[in-house]
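Report on the structure given below.
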Amino acid sequence: MGIIGYSWAATAHIAAINAGSYAQVTAVCSSRQLDSAQLSAQWGTAIRTYTDLDAMLADPTIHIVSICSYPFQHAAQAIAAARAGKHLIIEKPVALSWEECQAVEAAVKEAEVKSCVCFEVRYSSQFLATKSVIDQGLLGELHYGEVDYYHGIGPWYGQFRWNIRKEAGGSSLLTAGCHALDALLLCMGTDVAEVTSYDTKSASEIFEPYEYTTSSVTILKFKSGHVGKCAAIVDCLQPYYFHTHLCGSQGSLLDNKFHSMKLGTDKHAWSTLAMKMLDSGDVSDHPYQTQFETFFESVEKGVEMPLTSLNDALKTHKVVFAADQSAATGKPVSLDGNSN
């Protein structure tokens, strides 16, 4: 495997990849001149370093690349890697515009390579358990859901220096809140008919450098008539919190607690699910290994991976861009591309 971009996310990717039995990282391409011997010693495997992406992509011993560069570089690098016949792991977001996402999709289809997008929340203990509760019918038919992302991304985070730029971060929803929106769609389905979004920004001097609004709330109307809500707050001053509340015809789920009429338990008391909660923005806590092992198994079998293929991820991206359009125009946006 080759890694594109050597940053915080890349170190988590390398650790997860090398810990498994399917793949090993053998090359890293960075805009910085890296020391091959130093990286090899650090990771315990021989790693070649490149500053020229085309040179790394020309290496026939590299079968998969993981794109961990700046978000504004993702689309061009994914297209180049697909055209070189490499299977793809792409950190979110896939791109900073819907048009670029479509270009990546076209390149992947033409090259017939497999893909994985890092919406790894779907492989977290919390959402594997949550989805199991839903699939077993314990909540009945969901008619309302909210999944919210609260994570103050300030100067104490390394990504702050570039994330503050509009051309790099895009929006609070695109830069980080997309994880919550993706989890909401996992639970309630992707048949979104219309979105309405509003955004604002903290008055705190800490977040003043951001070139875009850093808090947004999006209301989703599904074709079924059901509704959902997703808040993306990256300018909060509080502990990390991935809020989840789902309401259905047979019960409700609140974070790691639930009640189901089907179980005959006391509706005045929650039952608790034993699962690891999403409680940190640190990439070392992300369930990359579970996700990547699933991807490698899928590549070996020649099939699309479940849950987080490019096709799955683009359904979420389409809603994200519609929500950002709504916030910018102050109007609802239908998912056929027309503002109301």
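Just so you know, all these numbers are worked out from the coordinates, no wet-lab data involved. In this text, all values refer to a predicted model and were calculated from it rather than measured experimentally. A quick note on method: Cβ atoms are made from the backbone with ideal geometry, for glycine too, and the neighbour counts reach across all protein chains shown.
Which entries in Lys86/Lys201; Lys92/Lys221; Lys223/Lys276 show an alpha-carbon gap greater than 30 Å?
Too far apart for the 30 Å limit: Lys86/Lys201; Lys223/Lys276.
Compute the relative contact order of the stretch 2-113 as a whole-number percentage, counting only Cα pairs closer than 8 Å that sit 6 or more residues apart in sequence.
24 percent
Taking loop as defined by DSSP and a crowding limit of 13 other beta carbons within 10 Å, which GluC sites (Glu not before Pro) in the stretch 129-181 fit?
Glu141
Is there a quick way to get the dipole size of the stretch 228-340? I mean about its Cα centre, with the Cβ of Lys and Arg at +1 and of Asp and Glu at -1; what is the value in debye to the nearest 20?
Around 540 debye, computed over the stretch 228-340.
Would you work out which of Thr49, Thr26, Ser249 lies farthest towards the positive end of the dipole of the chain? Charges go on Cβ: Lys and Arg +1, Asp and Glu -1.
Value: Ser249.
Assigning unit charges at the beta carbon (Lys, Arg +1; Asp, Glu -1) and nothing else, what dipole magnitude in debye, to the nearest 20, does the chain show about its Cα centre?
Using Cβ point charges on Lys, Arg, Asp and Glu, the chain gives about 320 debye.
Please give the charge dipole size of the stretch 2-113, origin at the Cα centre, charges +1 on K and R Cβ atoms and -1 on D and E Cβ atoms. Round to the nearest 20 debye.
Value, rounded to 20: 240 debye.
As a test of the formula, what do you get for the chain when each DSSP H run with n ≥ 4 contributes -39,500 (n - 2.57) and the sum is divided by the residue count, at 222 nm and rounded to the nearest 500 deg cm²/dmol?
One gets -10000 deg cm²/dmol as the mean residue ellipticity at 222 nm.
Which one, Val133, Tyr6, His268, is farthest towards the positive end of the dipole of the chain when Lys and Arg carry +1 and Asp and Glu -1 on their Cβ?
His268
Provide Ser252, Ser21 in ascending order of the number of other Cβ atoms located within 10 Å of each residue's Cβ, fewest first.
Ranked by crowding around the Cβ, least crowded first: Ser21, Ser252.
Which order do Val227, Val303, Val192, Val320 fall in if you start with the one that has the fewest other Cβ atoms within 10 Å?
Val303, Val227, Val192, Val320
Please check the chain for the longest run free of trypsin sites (Lys or Arg not before Pro) that are loop-located per DSSP (anything but H, G, I, E, B) and have at most 16 other Cβ atoms within 10 Å.
Longest run free of exposed loop sites: 33-164.
For the stretch 1-42 and the stretch 236-302, what is the centre-to-centre distance using only Cα atoms, to the nearest Å?
A separation of 29 Å, based on Cα centres.
Give the calculated FRET efficiency between Asp191 and Gln250 to the nearest 0.05, with a Förster radius of 30 Å applied to their Cβ-Cβ distance.
0.90
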